[in-house]
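Enquirer: Before we start, here is the structure in question, set down as structure tokens.
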Amino acid sequence: MSSGVQVIRVGADEGEQRLDRWLKRRFPQLNQIAIEKLCRTGQLRVDGGRVKPATRVEAGQEVRVPPLPAAAPVPAQPRAAIRETDAQMIQSAVLWKDEHVIALNKPAGLPSQGGSGQGDRHVDGLSAALMFGYKERPKLVHRLDKDTSGVLLLARTDRVARRLSEAFRARTTRKIYWAAVAGVPSPKLGTIRFGLVKAPGHGRGGEGEKMICVHPAKVDQTEGAKRATTDYAVLDSLGSRVSWCALVPVTGRTHQLRAHMAELGHPIIGDGKYGGSGQENLGDGWGAQLGGEISRKLHLHARSIAFDHPVTGRRITITAPLPEHMARTWKTLGWHENEVPADPFADLMGNT
């Protein structure tokens, strides 16, 4: 048996996943039957409360793990060599770095971490190409969806990773996303407060999961629902057809921005999961792809992140240029990156 009870804090890059999957990654010797028994007998607890195997853990929560059978030694598997083209790709995505932090402009279509069928071609798997003379690979401290591009931070040491993770939990970081959405939200500056609950997917590994919006008044009565808040601002538009929005995820739920904008009636362009062309919306029924003139890729980009440097304390702001498919859309619609304020919420709120 392993020695004693362990209390493990869920990492910043480990949230929004099932407890049983989280446990199996950390303790490969555990099978599903053992996990179900530990939950049923109350030996496994999250933040002191009883849980089920399907309970979703969140970053920062504490998981009480009882003494477990010791894992049989497993020979270390060599990490697959990174192809030169992939190494060049991930290195070219570096926006800024110092001795402590690396900021990437993550390409759309590249996962942050591994998953079903992803292999090692994801940011975490390619991070060995970002060591730049260090002995350890840099560590992700937050994530972006596979199809979302933009600023992604990695910590170059464990100490910096802990400090950045704490900053994300304390919400002292500020992330601003840009999106092209169907229609024009009204009012042009607002806050969305719908809660979110996960609907299971149909694949063997839970693929196809989707977040369902829950009215704020019903969140506490809906099992599994979590409160979520998004600020939005309309920066420009093309008539009533499509608009350029800035979005700030005040909370950090799975697919939060995509689900919230779809619930508002203005799905993000290219979002087949939350804004397919059959969905009614205020964009005259154009749906998420606006006919044949606009790319079918998701038009959601983590434009900037501001954070207090974990070592120097200096406020750092990193900005990522648009990916190619969004830059083409902006050119088609006559929108210009340099014609809006860096933080439109500060500007707009100051004029209200």
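No value in this document is a laboratory result; all are computed from the given coordinates. For clarity, every value in this text was computed on a predicted model and none was experimentally measured. Reconstructed Cβ throughout: ideal geometry from the backbone, glycine too, with neighbour counts over all protein chains shown.
Enquirer: Send over the semi-axes of the chain's equivalent ellipsoid, whole angstrom and largest first, taken as the square roots of 5 times the C-alpha gyration tensor eigenvalues.
Expert: The three semi-axes for the chain are 35, 25, 20 Å.
Enquirer: Moving to a separate point now. Considering only DSSP states other than H, G, I, E and B, which trypsin sites (Lys or Arg not before Pro) in the range 211-266 qualify as loop sites with at most 15 other Cβ atoms within 10 Å?
Expert: Answer by residue number: Arg227.
Enquirer: May I pose another question? Using the structure shown, select from Lys52/Lys139; Lys139/Lys273; Lys218/Lys297; Lys198/Lys331; Lys135/Lys198 the pairs with a Cα to Cα distance greater than 31 angstrom.
Expert: In this structure, Lys218/Lys297; Lys198/Lys331; Lys135/Lys198 lie more than 31 Å apart at Cα.
Enquirer: Using only the alpha carbons of the range 123-266, what is the convex hull's orientation-averaged projected area in square nanometres?
Expert: 11.2
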